[in-house]
Structures are given as structure tokens and as C-alpha cells.
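Everything on this sheet refers to the single structure shown next.
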Amino acid sequence: MTPKLYSFWRSSAAFRVRIALNLKDMDYEVIPVHLSKNGGEQIGEAYSSKNPNRLVPLFEDSDKRIHQSLAIIEYLEEVAPEPALLPKNVIDRAWVRAIAMDIASDIHPINNVRVLRYLIKKLGISNEAKDEWYQHWVNLGLEGIEKQLSLDRRVGKFSFGDQPGLIDVCLVPQLFNALSAKVDVRPFPTLMRIFHECMQLPAFIDASWEKQIDAEGLNPVAPPQK
């Protein structure tokens, strides 16, 4: 049975899993879950009965269901070890996981759609204030990652060496969001160099927003040229 990925085209977390599946050349079926249509399909019984957290992604492999993007990716790493997304050395694996979590645990959660909606609809802040919130936290997070990657000898063509891995899987979707929100990415030359390396690869291209079956309109991201 072909595994299923419940996904939304602009979801950063689902984007990560799509990249990982593509890098590992695994077959999967995308099941779209629209996060705003009809109040959000993720809160409907059909989906929330599968994933009570009412978030995407959700990965179904036969009778197994896994939520949380990094948990799904770790599962893929174990069932399909090659090509590896994590280094073999223990300390290197910890370093890669830590930077991936800088993105997935620190930057993304306070800037995702449900948080931004809450700021506007429940707390009554203006769109301008919401945008300031977004820019502040994204810039702060990317600044820290830029410093780490620009100074570390383990960085090669990609975030760790010369093959794409877990950091890149998390970094590219976050930079898609930043570019879409018109964040000034010039202070992040290392991150953008890695971004451009990734976006030469079919695994990243095919996972991107405009390639999804539920994509709406043209890709709003126009990555700056090298």
C-alpha cells in the first residue's frame, strides 16, 4: 500500500516531509488538507479523528500513523536509511538535529498560520503589527542560524557537507516563508547560498509550493538570483 501524506501546499512542516520523501525516492500519495477553506479542513471530524492535534502533516504507512514533521522524517530515516539525512558521527548528528530544531521548534511555531490568525482575530492587533511580529522572530532566528553555519567547518555545499540533509530539509521551507513575507534575506548569505544549491535538486523542486496538487495560483516566492 502506498503511504499517504496529509499535506497543505504552503505548510512548512508538510514541505519538510515532502522533501525528505523525495530525497529518499519513496513513493507516496499526497492527501490535501486545506487549512483555511470551510474554516479549516484540519478541524473537521474526517481529519481530526486521524490526527487529534489538527495539524499537518500526518503520515500514514499501512496501519501506522505518525504526526510531527521531524518525527516522520526520523521514521523515514530508519526505514529507508539511504541516502542518509543525518551524519554517522554522534556529535555531528546532535549538531544537525539542534539546528533543525532551531527552525522547527523556535522560528516556525510562533509564526505559523494559527498563531498569526490568533494575533489578529483574538488579540485584535493590526496587520502592520502582525507583520512586525513575523519579521522580528524570523530575522532573529535566521540570524542565529546564519552565524552557526557561516562559521562551522562542517558546512559544505549544503548545511552539512556536500549532500543535502536534515538541516536543509528544514531550512528551505522556512526561507520560502521568509521570501514570501518579503523578509530582507541579504544579511543571510550563507543560508541563501545553501538555499540555491538545494533548489537545483529535483527533490526540493518537486516538493515546492507550486508543484503541489492543491497549489493555489502562481508561486508567490521569487527567490533572488545568485
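Here, each number is a calculation from the coordinates, and none is a lab measurement. As the structure is a prediction and not an experimental result, all values here were calculated from the model. Virtual Cβ from ideal backbone geometry, glycine too; neighbours counted across all protein chains shown.
A compact table of results
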item: Amide H contacts under 5 Å for V155, placed H, 5+ residues apart; result: G161
item: Extension reserve of the A94-A215 stretch, reckoned as 0.36 nm per residue once the Cα distance is removed; result: 40.1 nm
item: Cβ-placed point charges (K, R +1; D, E -1), dipole of the chain about Cα centre in debye, nearest 20; result: 440
item: Global form of region 4-79, assessed from the alpha-carbon gyration tensor, a/c cut-off 1.5; result: prolate
item: Global form of the chain, assessed from the alpha-carbon gyration tensor, a/c cut-off 1.5; result: oblate
item: Relative contact order %, region 118-226, counting alpha carbon pairs below 8 Å whose residues are six or more apart; result: 21
item: Under-5 Å amide H pairs with I31, H placed in peptide plane, nonlocal only; result: L5, Y6, S7
item: The chain: DSSP helices with Cα axial extent of at least 20 Å and average Kyte-Doolittle hydropathy no lower than -1.0; result: 127-151, 166-180
item: Ranked H136, H108, criterion: other C-beta atoms within 10 Å, fewest first; result: H136, H108
item: Packing-based exposure ordering (other Cβ within 10 Å, fewest first) of L35, L23; result: L35, L23
item: Label-point separation, S62 to H34 (7 Å along Cα→Cβ), nm; result: 3.5
item: Max mean-square fluctuation residue, GNM over the chain, Cα-Cα springs under 10 Å, options K37, K182, K157; result: K37
item: Estimated 222 nm signal from helices in the chain, with DSSP H stretches of n ≥ 4 weighted -39500 (n - 2.57), rounded to 500; result: -14000 deg cm²/dmol
item: The chain, relative contact order [Cα under 8 Å, separation at least 6], %; result: 23
item: Cβ-based exposure ranking for V172, V185, V96, in which fewest neighbours within 10 Å come first; result: V185, V96, V172
